[in-house]
1. Over segment 7-143, what is the relative contact order in percent, taking alpha-carbon pairs closer than 8 angstrom and at least six residues apart?
2. Can you list the HN-Hα couplings for segment 103-119, worked out from phi with the Karplus curve (6.51, -1.76, 1.60; θ = phi - 60°), rounded to whole Hz and with x for Gly and Pro?
3. Between Glu81 and Thr4, what is 0.36 nm times their sequence separation minus the Cα-Cα distance? Round to one decimal in nm.
4. Using the Kirkwood formula over every pair of different C-alpha atoms, what hydrodynamic radius in Å results for the chain?
5. Want the number for Ala138 to Glu121: 0.36 nm per residue separation, take away the alpha-carbon distance, what's left?
6. Using a basic spin-label model with each label point 7 Å from the Cα along Cα→Cβ, how many nm lie between Thr45 and Asp114?
7. So how much slack lies between Asp131 and Arg89, counting 0.36 nm per residue of separation and subtracting their Cα-Cα distance, in nm?
8. Top mean-square fluctuation among Leu47, Leu77, Leu112, Gaussian network model of the chain, C-alpha springs under 10 Å?
Amino acid sequence: MRSTALVSIPVGVVIERRRANSIWVEFLWRPVCVLAGKPSADPWTPLDTQPERMLFYAGDAVIELHRTETTYYRDNLLSGEPKLWVALRSTGSEPPYELLTVTVDPAEGEGLTDAGSNLVETVPMPRDIADSVSRFIAMHHVERPFVKRRRQPPELARREEGRGNEK
């Protein structure tokens with residue numbers, strides 16, 4: 001499927017594996033940061049090893065910016081702490097996760113949690129990415145007025161339903 005994005009921002013994702021204090025799982029995994037640009041490291045390259053914690057370069061992704069989502073991007077930037085949503089999917093083998101996507105859009109980020117099995121976390125948005133998103137908003141944002149739909153009284157709605165069934 002061809003993307004309709006007007007701008008694509010390449011990024012790299014760093015994830016953490018931390019020893020769990022649990023009898024059910026040995027490790028906890030979570031994204032910890034996103035790097036602007038595409039690093040030259042191979043996916044699953046260890047970056048930092050400590051006794052209870054290890055960082056890995058999980059791989060690269062592309063943040064796609066669409067003109068119709070600029071309101072969500074703007075709200076994210078204006079939040080005071082802009083975030084990126086990183087989604088990982090369990091593979092059931094090694095490596096344990098695959099990188100699904102990284103997004104600036106809070107609504108899309110929330111939607112990624114619907115599958116229930118994805119690991120979706122927010123990470124701070126790097127300044128370079130925030131600047132790119134800000135420029136995109138300045139070029140493509142169109143303010144759309146909110147239009148509240150007027151509800152029909154229940155008796156009118158029932159009458160109109162009945163008309164559709166007449167022949």
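Coordinate-derived values only; no laboratory data. Here the structure is a predicted model, which means the values were calculated and not measured. For neighbour counting, all protein chains shown are included, and Cβ atoms are generated from backbone atoms with ideal geometry for every residue, glycine included.
1. Relative contact order comes out at 25 percent.
2. Karplus-based 3J(HN,Hα) across segment 103-119 equals 9, 8, 7, x, 5, 5, x, 5, x, 5, 7, 4, 5, x, 9, 6, 9 Hz.
3. Working: separation 77, 0.36 × 77 = 27.72 nm, distance 2.74 nm.
Stretched fully, the Glu81-Thr4 segment lengthens by 25.0 nm.
4. Hydrodynamic radius (Kirkwood, Cα only) of the chain equals 18.7 Å.
5. That works out to 3.4 nm of additional length.
6. 3.6
7. Answer, rounded to one decimal: 12.3 nm.
8. Of the options given, Leu47 has the highest mean-square fluctuation.
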